[in-house]
Amino acid sequence: MLKERLAEVRLQELQEAALRVISRKGLAGATMQEIATEAGVAKGTLYLYFKDRDDLLERTADFAFSKLGERLETTLPVLPSFQEKLRGLIRAELEFFDEHREFFRIYITMKYPSGEVHQGMRRRRLCHPRYAAHLARLEALLREGMKRDEVRTGDPARIALLVSESAVALMLRRLTESPPPSAESDVEWMVDFLLHGLATQTTKGSKPSKPSKSAKAPKAPKGRLA
């Protein structure tokens, strides 16, 4: 048991080192030797845990997503309202991708060389247990918001998928922008968009349209205020 635990800790240390090196130096600088040096181990130690650099990259990406999940689990429960939880969720995701921008850019390029990024990543996400857990977490937040009358009633599973996929699309867009807008401005934009939708205030309130210049206002009956 102790031996397995030590191996698990060492694996995590190697993945953290790989994440730092790739984020800092890009793929060209992320040799197995460079990652080993960052982790403080011999190069041969890496091959006890990973078949090659591609295997290391794949498993480090999975490790990175697990770290994001841990961040969300500690951040969201302490926020008071659904709006704050939604803002905290999107902020955590965008900041996480920004912190490891180069790593995820490289990972996506290597994983989906044909350019079918959105379709390929979406298929992979929907089949991954960790993404299912993330959707379940978001669905629970929506149910709570509906119960507290903070969110309109609807299918929480479908809404959770909509919110999550919208956030992913925004993160992928930010990876292609140089530089992207500030994370905070995108957070506020997305929260506002998700909470208030596409409709303008005029459309939502069904306010009458302004009369054209040629139209004459009707005269008020005598004896009454116009």
Completion exercise
Between the modelled labels at Thr176 and Leu79 (7 Å from Cα along Cα→Cβ) the distance in nm is 2.7 nm
Exercise for the section: For Glu70 paired with Lys147, estimate the spin-label separation in nm (one decimal), with each label point 7 Å from Cα along the Cα-to-Cβ line. Expected result: 2.9 nm
Problem - Average silhouette area of the stretch 53-197, convex hull of alpha-carbon atoms, in square nanometres - result: 8.7 nm²
Exercise for the section: Return the sequence-ordered ³J(HN,Hα) values of the stretch 41-46 in whole Hz as given by the Karplus equation 6.51 cos²θ - 1.76 cosθ + 1.60 applied to θ = phi - 60°, using x for Gly and Pro. Expected result: 10, 6, 4, x, 4, 4
Problem - Relative contact order (%) - the stretch 53-197, alpha-carbon pairs under 8 angstrom, separation at least six - result: 30 percent
Exercise for the section: Quickly work out the Arg20-to-Arg130 label distance, labels modelled 7 Å from Cα along the C-beta direction, and quote it in nm with one decimal. Expected result: 2.0 nm
Exercise for the section: Using Cα centres only, tell me the gap between the stretch 20-90 and the stretch 168-196 in whole Å. Expected result: 22 Å
Exercise for the section: May I ask you to sort Tyr107, Tyr49 by Cβ crowding, counting other Cβ atoms within 10 Å and putting the fewest first? Expected result: Tyr49, Tyr107
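Give me D for the stretch 1-50 in µm² s⁻¹, whole number, from Stokes-Einstein with Rh from the Kirkwood sum over alpha-carbon pairs, 10 °C and 1.306 mPa s.
Details: Rh = 11.0 Å.
Here the translational diffusion coefficient equals 144 µm²/s.
Read-outs throughout are calculated quantities, based only on the coordinates presented, and are distinct from any laboratory measurement. Everything quoted here is computed from the prediction, not taken from an experiment. Using ideal geometry, Cβ is built from the backbone for each residue, glycine included, and neighbour counts are taken over all protein chains shown.
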